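Rule-based calculations on the coordinates, nothing more; no lab input. It should be emphasised that the depicted structure is a prediction, and the values quoted were computed from it without experimental measurement. All Cβ positions, glycine included, derive from the backbone under ideal geometry; neighbour counts span all protein chains shown.
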């Protein structure tokens, strides 16, 4: 089931009104522009309003208020509109019909988990690639924000009518993979009493020691009996496989799962990188300088290295840069697998890579408009107002598993979405576990459990909470305000999908919870002496419970029956 948003329907009414005003001669001929419609900030101004007449003032050489007064009488009637009014300096405001509003409670309930779905994407295929942390160590809290943003965004896009695939890109080629192999080999050899000295960078941290001990338990001294290079390559493969197992398990604890895991090394093994390099070379985008291979494009302030010099990186397999495989990877996504759009969720520290990838897309003949980059800022953990480091195993970073063990997956998912991606985020550990209205996670989930409690109470007094009540009895302002907010979910899904902004879900969930709590305060739901009104309010409660569950599930969270 897909739902056309009220904003779109009202925009359609306005377009018809503008055209009718021209036909009648109330306005001269002109091309009707795109029409914006927004929820009104004040109840006195109705439910929705549009500033379209302000934008027409210069075109028609009339005051916006005069234009609005000419258009409003020509807006066609609609069952959901009580009245259309004009307000200075030229707004056209729409007031929803209370009777129609009340009738939407059973409509929403019958839609079930499909409520909020829209057809914005019209089935276009979108790949969301997220997390994709180097498989050289545990998932950190920074990557946890990546995971929550990417996974929620994928859910929102699916609700918006896109065909979505979640992908983890495994950087298992190049210098980072070798660095893991070297780190493991040196620790492995040291633990076996045969230390080796190599003038190469290594990964620090107790997790390397733990992995080396696990390796010894599996294979004993096997890798001391082969040459060092063979051992390093073998241990890089072994280490990446082990890390990926842990990564997949940690992410599963956060309720994040992937449709595909794409391996960087496959882009080289298949010959795709070589093919892309030749395509760039044929287009005049490759230069050789200082022993290295560079990508040169007029859109870039300076050339970018594709393959590093042997004087810098001796091993040929480790010389290609991230950009080198990124060129092959975007081709793999948008040409070979034919996604209509590719969304990359990256940390803000990768902002410099974005123009390079966009330039590379243009260079190989892929429309850069098909690529979208979501850059998120860092996360800081705080307890008692102070920044904390609670890692016991890594020594240098806070792992996702440590955070899950302390606060659970739901607070992580909600808190990680409470800010726009371009703003750094403070994660308050004390607040995340506090069971009070101050904790936004608790506040929203408690609204769901409160409804579940109301429904249980109805059964205890012999009432059937599943009976569809008469919506005409829903006339209290708190009842109608709650329905208004439930009706807004399709608009929130559209907004979040269109602007790649999943944080809108947390704001909506808080508002919806607040309106249910207000309804619960103002309206007695279960009243054995008023069975018909009780049935109507139970139906409204069921609808609110379903919508709360829907938005919680879009965020990857549980909708608990009890707390």
Ranked on Cβ counts within 10 Å of their own Cβ, fewest leading, 333, 124 go 124, 333
Rounded to the nearest 10, the angle in degrees between the Cα long axis of helix 354-363 and the longest principal axis of the Cα atoms of the chain comes to 80
Taking 272-278, 407-413 and ranking on average Cβ neighbours within 10 Å, highest first, one gets 407-413, 272-278
CD proxy, 222 nm, the chain: helix-only mean residue ellipticity via -39,500 (n - 2.57) per DSSP H run with n ≥ 4, per residue, nearest 500, stands at -15500 deg cm²/dmol
Put in order of increasing Cβ neighbours within 10 Å, starting from the fewest, 540, 330 give 330, 540
Rounded to the nearest 5, the percent of antiparallel DSSP beta bridges in the chain equals 50
Fewest to most Cβ atoms within 10 Å: 523, 53 sort as 523, 53
Expected sort for 239-247, 308-316, 164-172, 23-31 on mean C-beta neighbours within 10 Å, highest first, is 164-172, 239-247, 308-316, 23-31
Note on the chain: contact order normalised by length, alpha-carbon pairs under 8 Å, 6 or more apart, percent, works out to 16
If one compares the long axis through the Cα atoms of helix 531-554 with the longest principal axis of the Cα atoms of the chain, the angle in degrees, nearest 10, works out at 30
Between (i) 25.8; (ii) 31.0; (iii) 32.4, the structure-derived mean projected area of the Cα convex hull in nm² is (iii)
Using alpha carbon centers only, segment 272-351 is separated from segment 169-197 by a whole-angstrom value of 26
Measuring from the longest principal axis of the C-alpha atoms of the chain, the long axis of helix 6-24 (C-alpha) lies at a number of degrees, nearest 10, equal to 60
